[in-house]
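Taken together, the values in this text are just the output of simple stated rules run on the coordinates, not laboratory data. Since the structure is predicted, the reported quantities are computational estimates derived from the model, not experimental observations. Using ideal geometry, Cβ is built from the backbone for each residue, glycine included, and neighbour counts are taken over all protein chains shown.
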């Protein structure tokens, strides 16, 4: 890994808009459903040089997250990828069920399903984004879909851009969505389960999965959730 | 120079919620409060947002549930859509409200845009755009102020622009950059 120097994504002109370097957190303890996020701090620091940078949030859209970025001059795109994946699978199952009545019940392989999903998902021009908030969605995609998603993301991220992802070291006790509270705090929102935890990634698997990114850095919390940053 | 930032130990209790009543659910029906409690809402977001209640003024045109309109809509009166509209809607001095039963496949340009139904198309608001908890939007959003209730589903680019000057036309200022990253613009179909 090469995490020895901060990548310069944009020009120095954006330095005025850059957040200060990550530093000590306020002493106030976080709320129970709030998570102090070193990964988010690093993510913001990495993209801080980019004036009017573009961010892609792959979770549900939240007022607080939108306000956080647009008030700092970023442009935000939102696409709830896990929701879209679930809707896609539901639609495919319905098609299969309908087709089975007619006698044609050829089930698509996971690889074909993933490719088909990506025909409509994450359709943005190359190098569109300086930062991607992937949250923990990779935990919920199968072994065929996850690498394809990473491949697609790698084309969307501007060189020097960063992807922030969370990985559970054991299946999550319940399903959460995430939203940004402030520059170092993420709120976990309990939500109806829309996907089953698919896998637990080991370190080597993570590095292999994101091999197209040039460096990575991770933080493991006491709750055994790993926050990982991958820089293209 | 890279300087290792001071690391803060993440909270060890991210899953515990001693006060469940204060925990927001993604799709909680209680999320109707537009200005959520518990965190600040910065200036660019929407503090005083038009209500999404059904129109009760005589100066509001209404496309009721069951009606289907295909074509361009323009004018100066407020519009409430609870039916199906396909085309283009341009009401630069008025408010467009898409009700819970409304299904719109059109670009919308208006002073205020309120969505509680389904919209596929880019939205440009001169003053504010608000998305209710039942809203489903695929397209880019350009507005000086944006309000999003918990539960809203929005797929596309979100960008704020400066509010137009009083002496200027109230139509939305164009963004400083012309490129559009909304999935609609790149050919994505509705989910």
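The eigenvalues of the Cα gyration tensor, multiplied by 5 and square-rooted, give segment A:25-182 an equivalent ellipsoid with semi-axes of 33, 19, 13 Å from largest to smallest. As a rough guide to protection, the peptides A:167-179, B:64-76, A:53-65, A:183-195 ranked by mean Cβ packing within 10 Å, highest first, stand as A:53-65, A:183-195, A:167-179, B:64-76.
Computed over the alpha-carbon atoms, segment A:107-232 gives an Rg to Rh ratio of 0.95, Rh here being the Kirkwood radius from the mean inverse distance. If you plug the beta carbon distance of residue A:144 and residue B:77 into 1/(1 + (r/R0)^6) with R0 = 45 Å, you get a FRET efficiency near 0.30. So, in nm, how far is label residue A:118 from label residue A:208 when the simple model puts each one 7 Å beyond its Cα toward the Cβ? In this crude label model, residue A:118 to residue A:208 measures out at 1.7 nm. Rg of the Cα atoms in segment A:121-194, relative to 2.2 N^0.38 Å, amounts to 1.20.
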